[in-house]
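The values are calculated or read from the model by the stated rules, or taken from the named source; none is laboratory data. Because the structure is predicted, anything quoted here is derived from the model rather than measured. Cβ: placed from backbone, ideal geometry, glycine included. Neighbour counts: every protein chain shown.
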Amino acid sequence: MDKKLHIDTLCVQAGYNPGKGEPRQVPIIQSTTFKYETSEQMGKLFDLEESGYFYTRLQNPTNDTTAAQIAAMEGGVAAMLTSSGQAANFFACFNICQAGDHMITTTSIYGGTYNLFGVTFPKMGIEITFIDQDASDEEWAAAFRPNTKLVFGETLSNPNVRILDIERVAAIAHTHGVPLIVDNTFPTPVNCRPFEFGADIVTHSTTKYMDGHGVQVGGVIVDSGNFDWEAEHEKFACLTEPDMSYHGLRYTEAFGKLAYITKATAQLMRDLGSIQSPQNAFYLHLGLQTLHVRMPRHCESALKVAQWLEKHPDVAWIRYPELENDPEHARQQKYMPQGSCGVMAFAVKGDRTFANRFMDSLQLVTIETHVADCHTCILHPASHTHRQLSDEALLAAGIDPNLMRLSIGLENADDLINDLEHALTQAHNG
Ligand SMILES: *Cc1c(COP(=O)(O)O)cnc(C)c1O
């Protein structure tokens, strides 16, 4: 078969092709080490002259199967699993950025990533510029420096569901000779494949929809293989010049399009050790096999709930890209026409007490610091993640004190609407 396979088929079959008498489902290779017959065989593995397994901190067959599946789904050349989404974003940047370097990130990113870049990276000597993703061409151009190594953004941001203009930002990054790295956690490759719009590297928190059942914390980095590191030889000396920890091996020369992921595995994973456990890679693999069935249902139900909330007199405003009145609707039609994801942001009218009474009266929708799995859940930043802040401080930070992040799961949409309706009525009755 040479026809390009659809994403549905890739979800079910990519990455694993068992031979005669082998298990149909991916086996969990729960082993730290792998046996060899001669000391020379083992030596070649350590020199990266041959590929093979020797220690699970670097590579494990279950992880590699799942990584290959995700690489195929994104249309990339290679992928590496990490222990969490945080580790994925850290490794993705740190692989090409070190003390004395600079990187640019958009401001519409997950809170954990914001802290990683804004607080921890500067401690490691990496300078950061934050920029609004829809800043003017002049503002973007002014953000670059001679030591800038990458641009980072989220395709669909957590929690405020803003959509990155991937094509434009990729073109800006490329004009300055650096790659665009995007976190594609929320839409997943079922709804958006960033490489088709010029992004170079994709990351995910697989903890969210990819697993989909709330059982696995994990992450992944996928490389498109499209960025030409050699064209920027000096800027990316970490890939093009000898690595002394591998007898002077040059990643681009030895591995071509696989240079970036090979370095991440052979150097960063070796030294920093944030591998995903094979058991979690198995759960992730299981989740991926139904991702193409789950995502459309998340979107369909979320749109139904969003349309209902939009008309409700107690709702001050709502953001969900599929709503025709949403400021990002046109962008959704371009980058994720089949749907964004199940997450929306909205605010109820009234004070914090009303908001709390509403939340406490919900029965099916649960209060959780999580999003993007099969259970519908809600979070009220003013009462949870940002509870130290007064209403005035929240407004100054651009957060409506009544903002709620609602993540629609796989329950029946009418049951969810009834639950929301009942809770709003209860909130009025005190
Ligand atoms: C949750 C999340 C992360 C962090 O992932 P963990 O698996 O919790 O470490 C990163 N990016 C986005 C967009 C997320 O939603």
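So in region 128-150, with the set limited to residues that are part of a loop (DSSP other than H, G, I, E, B) and of a type outside the set (A, V, I, L, M, F, W, C), which one is farthest from the ligand (Cβ to nearest atom)? Looking at residues that are part of a loop (DSSP other than H, G, I, E, B) and of a type outside the set (A, V, I, L, M, F, W, C), I get P146. For L249, only one of the following conditions fails: (1) over 21 Å from A92 (Cβ atoms); (2) at pLDDT below 95; (3) touching a helix residue (DSSP H, G or I) at 6+ places or on another chain (Cβ under 7 Å). What is its number? Among (1) over 21 Å from A92 (Cβ atoms); (2) at pLDDT below 95; (3) touching a helix residue (DSSP H, G or I) at 6+ places or on another chain (Cβ under 7 Å), L249 violates only (3). Listed by first and then second residue, the pairs linking a residue in region 128-149 that is modelled with pLDDT of 95 or more and of a type outside the set (V, I, T) to a residue that is part of a loop (DSSP other than H, G, I, E, B) and loosely packed, with under 13 Cβ neighbours inside 10 Å, with Cβ atoms under 8 Å apart and 6 or more places separating them unless they lie on different chains, are E139/D132; N147/G100. Consider W317 carefully, then state whether it is in a helix (DSSP H, G or I), aromatic (F, W, Y) and farther than 18 Å from I221 by Cα. So W317 does not fit the description; no. When you look at Q276, is it out of contact with any Phe, Trp or Tyr (no Cβ under 8 Å at 6 or more places or on another chain) and of a type in the set (S, T, N, Q), yes or no? When the stated conditions are applied, Q276 passes them. Number of residues in region 400-430 that are part of a loop (DSSP other than H, G, I, E, B) and buried (at least 19 other Cβ atoms within 10 Å of the Cβ): the value is 4. Out of everything in region 104-127 that is crowded, with 20+ Cβ neighbours inside 10 Å and more than 16 Å from the ligand (Cβ to nearest atom), what residue ends up being nearest to R145 (Cα to Cα)? Restricting to residues being crowded, with 20+ Cβ neighbours inside 10 Å and more than 16 Å from the ligand (Cβ to nearest atom), the top hit is I104. Output the residue which, of all residues in region 214-232 that are of a type outside the set (A, V, I, L, M), within 14 Å of the ligand (Cβ to nearest atom) and part of a loop (DSSP other than H, G, I, E, B), is surrounded by the fewest Cβ atoms within 10 Å (Cβ to Cβ). Among residues in region 214-232 that are of a type outside the set (A, V, I, L, M), within 14 Å of the ligand (Cβ to nearest atom) and part of a loop (DSSP other than H, G, I, E, B), the one surrounded by the fewest Cβ atoms within 10 Å (Cβ to Cβ) is G214. Residue count for region 333-374 satisfying the condition of being assigned to a helix (DSSP H, G or I) and either among the β-branched types (V, I, T) or within 19 Å of the chain's Cα centre (by Cα) (or both): 2.
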